[in-house]
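Here the structure is laid out as structure tokens; the discussion comes afterwards.
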Amino acid sequence: MSVTSSAPGDDAGVNLLANTLRPVMNMLAGHDWAGAHNVPPTGPVIVCPNHISHLDPIVVGHYLYNNGRSPYFLTKSGLFRFGPAGWALRRAGQIPVMRGTDQASHSLGYATEALEAGKLVVVYPEGTLTRDPNLWPMRGKTGAARLALETGAPVIPIAHWGIQEVLGPYKKIPKLLPRRRVQVLTGPPIDLSRFAERSADVATLHEITDVIQAGTVDLLAKLRGETPPERLYAGGEKS
């Protein structure tokens, strides 16, 4: 079965998906939202959240959609193959990431098309759920940095906290009671102006990625009221 997305995305499909999932999110948890004014109301945007639960895309998607933007997620290609969920992802123009194949680079091409069409694209810099024992973000991969250099789209950091109480990292069964509250905090666009004239070499991409992750970590520290680690966890991905 093909997992090809209809980039640059179909807002009608996003509307359908959002209106299906929004009641689920409202049932699972209440929310405290802040900083939505930092998300540009129109035009291309790269959003970079932390990743602590398989429910994260519902949290972030709910937040963005309710604040006026249709989100397009870079999503593991395997999810596009599962029945109604796969159909919904394809219908909504979400962007498959075919890691470990000769088509892996296509996802950034689709994301670039979406940004050039004025869409908001969500990229999890870690590429997977965090494996940090204390649920701080890990060191990121360079996809968001590549998109930022190539398109000039603003990069917006988002941190959220609380959904891990409903479904913890790598868990499969949610805890529905008691009903939790999820906090979401958005920061202003990350200043990447010093990189504007630099080439997309490996060192530059990693430096940009570290700056992006630092922005998200700072927001998460505010939500948690805790001091983040001096160095981000660099452990491998769980299969």
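The values are calculated or read from the model by the stated rules, or taken from the named source; none is laboratory data. Since the model is a prediction, treat every value here as computed from it, not as a measurement. Glycine gets a Cβ as well: all are built from the backbone with ideal geometry, and neighbour counts include every protein chain shown. What goes into the accessible areas is simple: the full protein's heavy atoms, side chains included, and nothing from ligands, DNA or RNA. Shrake-Rupley method; radii C 1.70, N 1.55, O 1.52, S 1.80 Å.
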Q. Restricting attention to the stretch 26-36, does a residue exist that is more than 30 Å from L192 (Cα to Cα), at pLDDT below 80 and open to solvent by less than 20 Å² (accessible area, probe 1.4 Å)?
A. no
Taking the stretch 125-139 and keeping residues surrounded by 23 or more Cβ atoms within 10 Å (Cβ to Cβ) and either touching a Gly at 6+ places or on another chain (Cβ under 6 Å) or modelled with pLDDT under 95 (or both) leaves P125, E126
Residue set G152, G168, G143; condition over 30 Å from T112 (Cβ atoms) and out of contact with any Asp or Glu (no Cβ under 7 Å at 6 or more places or on another chain); output residue G168
Mind checking whether some residue in the stretch 211-234 is at positive phi, aromatic (F, W, Y) and not in a helix (DSSP H, G or I)? no
Selection over the stretch 42-98 where residues are over 18 Å from G140 (Cβ atoms), at pLDDT 90 or above and in a helix (DSSP H, G or I) yields a count of 8
Those strands (runs of 3 or more DSSP E) completely within the stretch 113-186 that have 1 or more residues that are touching a residue at least 24 places away in the same chain (Cβ under 8 Å), among the basic types (K, R) and out of contact with any Lys or Arg (no Cβ under 8 Å at 6 or more places or on another chain) are 180-186
Flagged in the stretch 114-142 as touching a strand residue (DSSP E or B) at 6+ places or on another chain (Cβ under 7 Å) and among the β-branched types (V, I, T), in numbering order, are V121, V122, V123, T130
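Rundown of residues vs (1) open to solvent by less than 60 Å² (accessible area, probe 1.4 Å); (2) over 13 Å from A145 (Cα atoms), yes/no style:
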{"site": "A159", "(1), (2)": "yes, yes"}
{"site": "G162", "(1), (2)": "yes, yes"}
{"site": "L185", "(1), (2)": "yes, yes"}
{"site": "L192", "(1), (2)": "yes, no"}
{"site": "F195", "(1), (2)": "yes, no"}
{"site": "R198", "(1), (2)": "no, no"}
{"site": "T204", "(1), (2)": "yes, no"}
{"site": "G225", "(1), (2)": "no, yes"}
{"site": "P229", "(1), (2)": "yes, yes"}
Counted residues in the stretch 41-54 being open to solvent by less than 30 Å² (accessible area, probe 1.4 Å) and within 16 Å of the chain's Cα centre (by Cα) come to 9
Those residues of the stretch 35-50 that are in contact with a helix residue (DSSP H, G or I) (Cβ under 9 Å, 6 or more places away or on another chain) and under 21 Å from V217 (Cβ atoms) come to a total of 9
Within the stretch 206-220, residues open to solvent by less than 40 Å² (accessible area, probe 1.4 Å) and either in contact with a helix residue (DSSP H, G or I) (Cβ under 7 Å, 6 or more places away or on another chain) or without any contact (Cβ under 8 Å) to a residue 12 or more places away in the chain (or both) come out as I208, T209, I212
